[in-house]
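Following: one structure in structure tokens, then a few remarks.
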Amino acid sequence: MPDKQRERFYFQQLRSCLIDLPDGETRDSESPDFLIFANETLGVEFTVFHLPAGAGERPYQEVQSLQNQIVNIAEDAHASVGGSALYVHLIFGRHGRLTKGTVRQIGETLADVLLSFPVPRSIRDGGVDIPRALLPAEIARVRVHSSVDGVDRLWQCGYGSWVAPVMVSHIQNEIDRKQRTEPLARKKCDRLWLVIVQDIATEAHACELSDAGRLGPYRHSFDRLLWLEPHAPLAVDLGGVTDRGHR
């Protein structure tokens, strides 16, 4: 995980959930991501979970990247010709036709639609759905609201797919991947925790931890194995206890 700012956010959320995360001097590190110096040195390693694609499907991260490019192109094209500040939420349909070569055309077509359609001019107008027939074939739905202050704008895409369960095999695969770095991390600490992060801001496919995924069992040599949902915040001891953040 190269994004240290995001790692610090995860660490902060983890601390808000876990009353037994020891106090002590905390330092940024690499493999593990953080070291806490207390009576003994604790290493905390984060890894972001991405649900693997099914057989014959493109990776969700690849599809998400194409969708985000379309949203960014549409927003920029709309603003560049004086389009009003809007809150726009898109849901893509079946994504088999999305390619690097089509994202610009789709994005610019969407911008043209929003420039020509009577969108809300005030927050009091509520939201409107753009008629499906006007949208590019790859986009299933577009919901538009006016900006709160006429300046702020937010264009984002959601995912209309079913919520997939995160199973034992999914988590074990992630553990196995991180297990390769465990010997190096052990040289820097007395105890080592692995925290598997489900970050809704980076996950391309809607998923949730299943009961089976929570219980395991798992094969690993870490001293503690955790599942973290940082935006809740919620921390789950995989095979053990659930701790929620204190509000």
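Taking the range 219-247, which residues are surrounded by fewer than 17 Cβ atoms within 10 Å (Cβ to Cβ) and modelled with pLDDT of 85 or more?
R219, S221, D223, D237
Can you spot a residue in the range 45-58 that is among the hydrophobic types (A, V, I, L, M, F, W, C) and in contact with a Leu (Cβ under 9 Å, 6 or more places away or on another chain)? Even if it seems obvious, please write down each step before you answer.
At the first step, the residues of the range 45-58 found to be among the hydrophobic types (A, V, I, L, M, F, W, C) are 46, 48-49, 51, 53, 55.
The next check asks that each one be in contact with a Leu (Cβ under 9 Å, 6 or more places away or on another chain); those that pass are 46.
Yes, there is a match, as at least one residue in the range 45-58 is among the hydrophobic types (A, V, I, L, M, F, W, C) and in contact with a Leu (Cβ under 9 Å, 6 or more places away or on another chain).
When you go through G101, G158 one by one, which is the residue that is modelled with pLDDT under 85 and of a type outside the set (A, V, I, L, M, F, W, C)? Working first, answer last.
Working: G101 fails: modelled with pLDDT under 85.
Result: G158 is the single residue among G101, G158 that is modelled with pLDDT under 85 and of a type outside the set (A, V, I, L, M, F, W, C).
It is to be established whether one or more residues within the range 55-67 are part of a strand (DSSP E or B) and either closer than 30 Å to G213 by Cβ or touching a helix residue (DSSP H, G or I) at 6+ places or on another chain (Cβ under 7 Å) (or both). Show your work before the answer.
Of the range 55-67, the ones part of a strand (DSSP E or B) are none.
The answer is no, given that none of the residues of the range 55-67 is part of a strand (DSSP E or B) and either closer than 30 Å to G213 by Cβ or touching a helix residue (DSSP H, G or I) at 6+ places or on another chain (Cβ under 7 Å) (or both).
With a cut-off of at least 2 residues that are loosely packed, with under 15 Cβ neighbours inside 10 Å and assigned by TED's automatic domain parsing to the domain that holds R224, name the helices (runs of 4 or more DSSP H) lying wholly within the range 77-192.
Values: elements: 103-116, 168-179, 182-186.
Hits in the range 77-192: 168-179, 182-186.
With respect to the numbered conditions (1) free of Cβ contacts under 8 Å to residues at least 24 places away in the same chain; (2) over 30 Å from L225 (Cβ atoms), which one is the sole condition not fulfilled by P183?
Single failed check for P183: (2).
Anything in the range 96-135 that is in contact (Cβ under 8 Å) with a residue 12 or more places away in the chain, among the hydroxyl-bearing types (S, T, Y) and under 17 Å from S146 (Cβ atoms)? List them, or say none.
Selection gives S122 alone.
Considering each residue of the range 106-134, count those that are closer than 16 Å to A77 by Cα and within 26 Å of the chain's Cα centre (by Cα), and give that number.
5
Determine which member of the set A85, A74 is in contact (Cβ under 8 Å) with a residue 40 or more places away in the chain and over 24 Å from the mean Cα position of the chain (by Cα). Explain how you work it out, then say what you get.
On the way: A74 fails: over 24 Å from the mean Cα position of the chain (by Cα).
After ruling out the rest, the residue left standing is A85.
The values are calculated or read from the model by the stated rules, or taken from the named source; none is laboratory data. Everything quoted here is computed from the prediction, not taken from an experiment. All Cβ positions, even for glycine, are placed from backbone atoms using ideal geometry, and neighbour counts span all protein chains on display.
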